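First comes the structure, then the notes that go with it.
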Amino acid sequence: MITNDMMELDIAETTAMRDSISMRTGLPLDHIFMHNIHTHSAPRTGGTSAVPGGSNYNYSMTYGKVIIDNAIKTVMDEKGFKPFSMEFGQTTCSINMNRGEKNGPCTHHVYVLRLIGKDHAPIVSLVNYCCHPVTLGPGSHVVSADFPGFETKFLKEEWGGEVFHFTSASGNVDPIGGPQRDSLNSYNKGRQMADSILQKMKFRKIRLKNEFRICYGEARLPFRVGHITADTITNFAQSILDNPVEVSSTWREDVASWCRQMVRRYHEGKIKDYLQVQIAGVNIGGFPILFTQGEPFNEYDVQLRKEVGCPMLFIAYTNGQNSYLPSAHAYQTPYYEYEKNQMFVYVKSPFPLSADFPAVYSKALYDILAKALDKK
């Protein structure tokens, strides 16, 4: 399990790095999960800043090697493997809010899985929470792991061992109070997260079973049309341009560019009639961890925990970013216009998702986790 203080890495790039780790360690590709905490204050790894002479060029040339080398060093460090038991805790922390509608769905639960060594001290602790790491706004030039960076620092100082943050389904959840230019906002939110965990969370030991299982699946999410062609793309782009919504000052140019790219990909045979979303369920001694690509809304986290009915981790933003994944609730409200009707242009999806997709995605999440847990 790799977690990076990055905003997002695309599927092709993430797969290439996982392939490299697999080939150099012998670890199967489907046993490697690469997560990004989704901090919006990470350096960009593409675009004009990542070309020769750009401000992020040197960074863009080195970050991948650092990620790969660190993973390989960890996997090959046989002396670093230790026997462990596991304990799990949950509490609440109200640093987050629904960003799309007042009093909209928002879970405040925070979950922690700790791996405990024979000396009864944590080897590693995994924090799982629904909230965009965006305490720093667009006006900030700070490179930062945002509030998870401070949160994990404070917890590590108290517990020892390593502490990592895994962002859950956070597509519609932001820090309360909005972003600030001052990194003191990140500090305060991280401090509040750590204090909530340290002061309120009670851990209970997990009775481990003699089982280990990894299951992969693919959710095929339907678009608003059943079959996509070059004409479908072109006609839809023209309908947008005929009735432009001011998403940004470059919206018209962005739509035209998206149309050209999608038509080219169609003629190259790279367009499918559905959006592929990889999902994986990992069962460690009876404790389930769910990984998913994309940026799901927090309702999926809440719903899946109810359906599974046991302690678990829900980890989004894993193995590549491909889309916002709004909930069924989102399609029943006038909010979330960008996530439902516009973001497909920026994630290079060939068409907006259908309002029917949440049921397909929800079932896929449950099915893969049930398979990992060997539920009949």
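The values are calculated or read from the model by the stated rules, or taken from the named source; none is laboratory data. Bear in mind that the values here come from a model prediction, so they are computed numbers and not experimental data. When we count neighbours, we look across all protein chains shown, and the Cβ atoms used for this are built from the backbone with ideal geometry, even at glycine. Ligands, DNA and RNA are stripped out before the accessible areas are found, and what is left, the full protein with its side chains, is counted by its heavy atoms. Shrake-Rupley method; radii C 1.70, N 1.55, O 1.52, S 1.80 Å.
For beta carbons closer than 8 Å, sequence separation of 6+ or different chains, a first residue in segment 315-337 that is at positive phi and a second that is among the basic types (Lys, Arg), the qualifying pairs are Asn319/Arg18. Is it the case that Leu325 is within 17 Å of the chain's Cα centre (by Cα) and of a type outside the set (S, T, N, Q)? Yes, satisfied.
Scanning segment 27-50 turns up no residue that is part of a helix (DSSP H, G or I), within 21 Å of the chain's Cα centre (by Cα) and small (Gly, Ala, Ser).
In summary, His329 fulfils each of the numbered conditions (1) of a type outside the set (Val, Ile, Thr); (2) within 20 Å of Asp30 (Cα to Cα); (3) open to solvent by 30 Å² or more (accessible area, probe 1.4 Å) with the single exception of condition (2). For segment 168-287, the strands (runs of 3 or more DSSP E) that sit wholly inside it and include 2 or more residues that are surrounded by 13 or more Cβ atoms within 10 Å (Cβ to Cβ) are 173-175, 212-222, 274-284.
What do you reckon, is Gln199 under 17 Å from Asn341 (Cα atoms) and without any contact (Cβ under 8 Å) to a residue 60 or more places away in the chain?
On the way: under 17 Å from Asn341 (Cα atoms): no; without any contact (Cβ under 8 Å) to a residue 60 or more places away in the chain: yes.
Spelling it out, it is not the case that Gln199 is under 17 Å from Asn341 (Cα atoms) and without any contact (Cβ under 8 Å) to a residue 60 or more places away in the chain.
Just wondering, is there one or more residues in segment 289-305 that are open to solvent by 10 Å² or more (accessible area, probe 1.4 Å) and more than 18 Å from the chain's Cα centre (by Cα)? No, because not a single residue in segment 289-305 is open to solvent by 10 Å² or more (accessible area, probe 1.4 Å) and more than 18 Å from the chain's Cα centre (by Cα).
If the requirement is being under 23 Å from the mean Cα position of the chain (by Cα), open to solvent by 40 Å² or more (accessible area, probe 1.4 Å), at pLDDT 95 or above and not hydroxyl-bearing (Ser, Thr, Tyr), which of these qualifies: Lys156, Lys118? Walk me through how you get there before you give the answer.
Values: Lys118 fails: under 23 Å from the mean Cα position of the chain (by Cα).
Within the list Lys156, Lys118, the selection yields Lys156.
Tally the residues that are assigned to a helix (DSSP H, G or I), of a type outside the set (Gly, Ala, Ser) and either open to solvent by 10 Å² or more (accessible area, probe 1.4 Å) or over 25 Å from Glu339 (Cα atoms) (or both), restricting the search to segment 355-374. Residues flagged as assigned to a helix (DSSP H, G or I), of a type outside the set (Gly, Ala, Ser) and either open to solvent by 10 Å² or more (accessible area, probe 1.4 Å) or over 25 Å from Glu339 (Cα atoms) (or both) within segment 355-374 amount to 7.
Of the residues making up segment 85-138, those that are over 20 Å from Pro288 (Cα atoms) and not small (Gly, Ala, Ser) number 23.
A Cβ distance below 7 Å, combined with a sequence gap of six or more or placement on separate chains, defines the contacts here; from segment 68-93, residues that are over 30 Å from Ala16 (Cβ atoms) and part of a loop (DSSP other than H, G, I, E, B) reach residues that are open to solvent by 30 Å² or more (accessible area, probe 1.4 Å) and among the polar types (S, T, N, Q) in the pairs Cys93/Gln192.
Within segment 18-39, residues that are at positive phi and at pLDDT 95 or above reach no partner that is open to solvent by less than 10 Å² (accessible area, probe 1.4 Å) and of a type in the set (Gly, Ala, Ser) with beta carbons closer than 6 Å at six or more positions or on different chains.
Of all the residues in segment 99-111, those that are over 18 Å from Gln192 (Cα atoms) and open to solvent by less than 30 Å² (accessible area, probe 1.4 Å) number 3. Look at (1) open to solvent by 10 Å² or more (accessible area, probe 1.4 Å); (2) farther than 27 Å from Glu337 by Cα and you find that Val134 fails only one, number (2).
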